[in-house]
Amino acid sequence: MTQPSEPSATPEPITVHKVALDSVSDASGLAELIDKGEIEADRVIAVIGKTEGNGGVNDYTRIIADRAFREVLEARGSRSMEEIRAIPIVWSGGTDGVLSPHATIFATVARESVTATAEPRLSVGYAMSEQILPEDIGRTSMVEKVAAGVRVAMSRAGITDPADVHYVQTKTPLLTLETITDARRRGHEVWTEDTLKSMDVSNSTTALGVAVALGEIEMPAAEQIHKDLSLFSAVASCSSGVELDRAQIVVLGNVRGVGGRFQIGHSVMKDALDADGVWDAIRNAGLDLPQRPHPSDLGGRVVNVFCKCEADPTGRVRDRRNIMLDDSDVHWHRQIKSCVGGVVASVTGDPAVFVSVAAVHQGPSGGGPVIAIVDHER
């Protein structure tokens with residue numbers, strides 16, 4: 001298993017930009033940033049975005065968007081496509097309700113180009129785990145592989161204290177008929193044969209790996225995975241798809257002395273209506289707000305908010321019954337994403353926010369982690 005590399009004394013500063021996607025294959029926002037000199041193609045280190053697909057197993061909008069962004073990086077930079085394929089570009093499918101397709105782009109900048117400060121500022125590290133086999137999903141072997149990758153990414157971000165980590169975004173494989181058949185051919189059984197359920201299981205297993213790496217929990221027993229909802233990470237946001245066979249891991253946290261404009265913070269939404277949890281994450285990123293804030297108090301300083309959500313397994317929110325888990329017409333994935341997307345957008349005043357579903361072991365049951373990135377020079 002790959003061991004963490006030594007962190008650099010001071011990692012390079014980070015700049016963050018959010019761009020709209022006007023179509024599934026639209027990477028013009030990225031191209032425009034590069035052409036205007038706001039970022040350099042060869043300095044892009046991660047992209048986290050939402051596409052307009054169905055968010056399910058057969059959501060190929062993620063593959064289309066991924067290809068479009070990597071082709072721009074190849075055309076406008078000097079890195080080979082092999083090098084560009086190593087860049088974590090994490091797409092979450094499904095922009096239900098008011099959610100709007102977009103991408104958040106992270107790039108390094110020259111140290112001399114940013115304001116020097118001793119305040120905590122955003123740092124980003126990324127890693128790829130060892131290959132995750134179909135039979136690993138839902139099992140402790142996947143927890144261990146993800147945890148090892150998170151430690152590598154932390155080291156590359158220059159983060160030594162897990163308390164300075166505020167966001168871990170991952171993308172992992174889910175199960176398809178082909179990979180289930182492959183596991184059987186090799187004499188292994190998979191956790192589930194329901195490919196859509198495997199998305200939830202892949203996400204939850206990954207979240208436990210994040211929690212183990214950051215010391216939020218001890219190593220779980222096999223029977224606790226996707227079952228013991230008291231175990232969770234407050235900073236994990238896990239997505240899965242058909243386009244990879246490893247965990248893509250992006251660790252975001254704060255490092256003192258790195259310089260720059262951006263700071264990251266986090267909190268949790270206790271339930272689907274917890275707007276206060278979103279405000280708490282923004283405050284945790286260093287933004288002073290009045291006791292009863294309004295979107296106009298943000299002044300354009302919130303770059304983006306990222307969160308996970310889950311239909312409460314009790315079928316109730318604030319002691320009121322809902323039918324998301326009983327609805328045979330519209331899957332609860334889409335309903336809860338739409339609901340939480342509206343709550344978060346009502347705080348930011350911007351529907352281009354990152355809201356992803358399937359949050360077992362990611363934040364408290366029925367809620368989820370919420371992360372904010374703030375620009376302190378706007």
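The values are calculated or read from the model by the stated rules, or taken from the named source; none is laboratory data. Because the structure is a prediction, the values reported are computed rather than measured. Cβ placement follows ideal geometry from the backbone for every residue including glycine, while neighbour counts extend to all protein chains displayed. Accessible surface areas use protein heavy atoms only, side chains included; no ligands, DNA or RNA. Shrake-Rupley method; radii C 1.70, N 1.55, O 1.52, S 1.80 Å.
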Query raised in the report: How high is the FRET efficiency from residue 188 to residue 78, r the C-beta distance, R0 35 Å, rounded to 0.05?
Result: 0.25
Requested in this report: Return one whole number: the accessible area per residue of segment 47-133 in Å², for a 1.4 Å probe.
Outcome: 40 Å²
Report summary line: Computed ³J(HN,Hα) along segment 151-162: with the Karplus parameters 6.51/-1.76/1.60, θ = phi - 60°, integer Hz and x for glycine or proline, the list is 5, 5, 5, 4, 4, 5, 7, x, 9, 9, 9, x
Report summary line: The simple spin-label model distance between residue 111 and residue 58, using points 7 Å out along Cα→Cβ, in nm, is 5.3 nm
Query raised in the report: Which residues' amide hydrogens lie under 5 Å from the amide hydrogen of residue 158, considering only partners 5 or more residues apart or on another chain, with H built in the peptide plane?
Result: 8
Requested in this report: Please work out whether segment 71-210 counts as rounded, prolate or oblate from its C-alpha gyration tensor, where a ≥ b ≥ c are the square roots of the eigenvalues and a/c under 1.5 means rounded, while otherwise a/b larger than b/c means prolate and anything else oblate?
Outcome: prolate
Report summary line: Karplus ³J(HN,Hα) for segment 251-258 (6.51 cos²θ - 1.76 cosθ + 1.60, θ = phi - 60°; Hz, whole; x = Gly/Pro) runs 9, 10, x, 10, 10, 7, x, 6
Query - For segment 39-131, share of DSSP beta bridges that run antiparallel, in % to the nearest 5 - result: 55 percent
Query - Charge dipole magnitude, Cβ of K and R +1, D and E -1 - the chain, Cα centre, debye nearest 20 - result: 340 debye
Report summary line: For segment 151-257, percent of DSSP beta bridges that are antiparallel (nearest 5) comes out at 50 percent
Query raised in the report: When only C-alpha pairs under 8 Å and at least 6 residues apart count, what is the relative contact order of the chain, in percent?
Result: 22 percent
Query raised in the report: Given a Förster distance of 35 angstrom, what is the FRET efficiency for residue 296 paired with residue 36, based on the Cβ-Cβ distance and rounded to 0.05?
Result: 0.80
Report task. In whole angstrom, note down how far apart the Cα centers of segment 185-229 and segment 285-333 are. Result -> 24 Å
Report summary line: Of the accessible area of the chain, computed with a 1.4 Å probe and all protein chains kept, carbon and sulfur make up a percent value of 46 percent
Report summary line: Interchain or sequence-distant (5+) residues whose placed amide H lies within less than 5 Å of the amide H of residue 90 are 47, 48, 49
Query raised in the report: Counting pairs of alpha carbon atoms under 8 Å apart in space and at least six apart in sequence, what relative contact order in percent does segment 1-104 give?
Result: 38 percent
Report task. Would you mind checking which residues have amide H under 5 Å from residue 269's amide H? H placed 1.01 Å from N; only 5 or more apart, or other chain. Result -> 368, 370
Query raised in the report: Which whole-number value in Å² is the accessible area per residue of segment 284-355, probe 1.4 Å?
Result: 51 Å²
Report summary line: Ignoring ligands and nucleic acids, residue 338 exposes an accessible area, probe 1.4 Å, in Å² to the nearest 10, of 40 Å²
Query raised in the report: Is segment 1-90 rounded, prolate or oblate when judged by the Cα gyration tensor, a ≥ b ≥ c being the square roots of its eigenvalues, rounded requiring a/c under 1.5 and prolate requiring a/b larger than b/c?
Result: oblate
Report task. Once you have a ≥ b ≥ c as the square roots of the Cα gyration tensor eigenvalues for the chain, tell me rounded if a/c is under 1.5, and otherwise prolate or oblate according to whether a/b is larger than b/c. Result -> rounded
Query raised in the report: Once label points are set 7 Å from the Cα along Cα→Cβ at both residue 25 and residue 86, what is their separation, rounded to one decimal in nm?
Result: 2.9 nm
Query raised in the report: Calculated FRET efficiency, residue 177 and residue 276, Cβ-Cβ r, R0 41 Å, to nearest 0.05?
Result: 0.45
Requested in this report: Step through the residues of segment 92-108 one at a time and calculate ³J(HN,Hα) from phi using the Karplus curve (6.51 cos²θ - 1.76 cosθ + 1.60, θ = phi - 60°), rounding each to whole Hz and writing x for Gly and Pro.
Outcome: 10, x, x, 10, 6, x, 8, 4, 10, x, 6, 9, 9, 10, 10, 9, 7
